[in-house]
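Note sheet for the following structure.
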């Protein structure tokens, strides 16, 4: 009996060590950022393409060029309700005073300055593919935005999903930081891939998820679901029959080819893409058209 | 036998009740108001389609046609729509997508409607001059449509 107990204890310790290693927060390579300096003007389109304001402004805010990133919007999910935090430059309630590396770890690895995992409602798996220079420029731009002293509100997430450490296991299982489109046929599609897969994180809503909330990359952009909002359409070439011009125009103005206008969460995307260049909108359209037929 | 007859009658009656519920007994005046405002949206879509086809390059730019479409938009945005939005004519009726928030945030709805009129006015001033002006005026029009749909149109 004592022998069995020792075995079980040994297994538990091994399991614990494995859990500890698997759930250890991985960080960015600080050498990648060491020589870079941020340029706020270049960071502005990065900010809009990444859609930061869509989730981090106060609820029901109208779109603006200089949003106040006070947080407070609520995002229902099967795991609980996430409440977007204040990411304005306020030193107490926002992210003022963070170092470049702290910022990069948050945005690209989903790890807070004190080493805790963030919930993947924050699309850091997509942002992991951002170029280091864009991360630094983004930070520089965000520092120019107005500060807000709105306090952070705790997420409403129950057991066991509230165990932050277990998110390391989620990342270990599902945080695939590679491109979905492995090869691109030309520079325009390469740019479109960067915008769609890394910055604009289209897949977060337009790709179905497994029961644990991991993206089903085999069905990339084949249609998803937003709790409280409903079905999100497929935008793969077999399902979305709009021309590249129609897609680019929709991203610019929100007008569908029938001249209905975008609704729901997509209105945020249009607000962001309307602030980008025509080349970038055309690049996203070219990327969507270049997706493999299922 | 009697019981069977009763059950059959009850079943038919229940089916009938179910069907008439599904049919929706919306007050004809309210149903008409909903149709009227949806017609207004169709008028926007049609005239935006003319301008958008030119903006996209699907149709050659024609100053006269563009001006007419823009004038229509401005006129439609100027309609007094008060009676088209009766209290309670929201998405709970099952035949439209209007959020109940419209009736609780009315001043904001009026502000957003005003923004559409302003954008339509800018289009009317630009559309007949040249294609670049028309193109530039489309974005704010889309923004005005989207701002209201984001807040007040449900999926």
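Taking square-rooted eigenvalues a ≥ b ≥ c of the alpha carbon gyration tensor, is segment A:26-173 rounded, prolate or oblate, where a/c under 1.5 means rounded and, failing that, a/b exceeding b/c means prolate? Cα axes put segment A:26-173 in the oblate bin. Centre-to-centre separation between the Cα atoms of segment A:243-285 and those of segment A:46-124: 24 Å.
With just the Cα atoms defining each centre, how far is segment A:133-159 from segment A:218-239? Give it in Å. Each part reduced to its Cα centre gives a spacing of 28 Å. Counting Cβ atoms of other protein chains within 10 Å of each residue's Cβ and taking the mean over peptide A:245-255 gives 5. Across q = 0.15, 0.19, 0.21 Å⁻¹, segment A:226-294 modelled as identical point scatterers on its alpha-carbon atoms has Debye log10 I(q)/I(0) values of -0.49, -0.78, -0.94, in the order of the q list. A helix-only calculation puts the protein assembly as shown at -15500 deg cm²/dmol for mean residue ellipticity at 222 nm, using -39500 (n - 2.57) for each DSSP H run of at least four residues, averaged over all residues. Stretching the chain fully between residue A:65 and residue A:21 yields a gain of 11.6 nm (0.36 nm per residue, less the alpha carbon separation). Would the protein assembly as shown count as rounded, prolate or oblate if I go by the C-alpha gyration tensor, calling it rounded below 1.5 in a/c and otherwise prolate when a/b exceeds b/c, oblate otherwise? It is oblate, given that a/c is not under 1.5 and a/b is not larger than b/c. Taking a ≥ b ≥ c as the square roots of the eigenvalues of the Cα gyration tensor of segment A:42-99, is the shape rounded (a/c under 1.5), prolate (a/b larger than b/c) or oblate? It is oblate, given that a/c is not under 1.5 and a/b is not larger than b/c.
Per residue of B:134-141, other chain Cβ atoms within 10 Å of the residue Cβ number 2 on average. When A:287, B:61 are arranged by Cβ crowding within 10 Å, least crowded first, meaning fewest neighbours, the order is B:61, A:287. Inter-chain Cβ neighbour count for A:262-272, averaged per residue, equals 4 (cutoff 10 Å, partner chain atoms only). A simple packing score, the average count of other Cβ atoms within 10 Å per residue, orders the peptides A:144-153, A:119-128 as A:119-128, A:144-153, with the highest score first.
Can you give me the relative contact order of chain A as a percent, contacts being Cα pairs under 8 Å and 6 or more apart? In percent, rounded to a whole number, it is 19. Taking the centroid of alpha carbons for each part, segment A:1-38 and segment B:50-71 are 63 Å apart. Put in order of Cβ neighbour count within 10 Å, fewest first, the listed residues A:184, B:83 become B:83, A:184. In terms of surrounding Cβ atoms within a 10 Å radius of their Cβ, A:220, A:172, A:20 rank from fewest to most as A:20, A:172, A:220.
All of the numbers you see were taken from the coordinates with simple rules; none came from a lab. No experiment lies behind these values; they were computed from the predicted model shown. Virtual Cβ from ideal backbone geometry, glycine too; neighbours counted across all protein chains shown.
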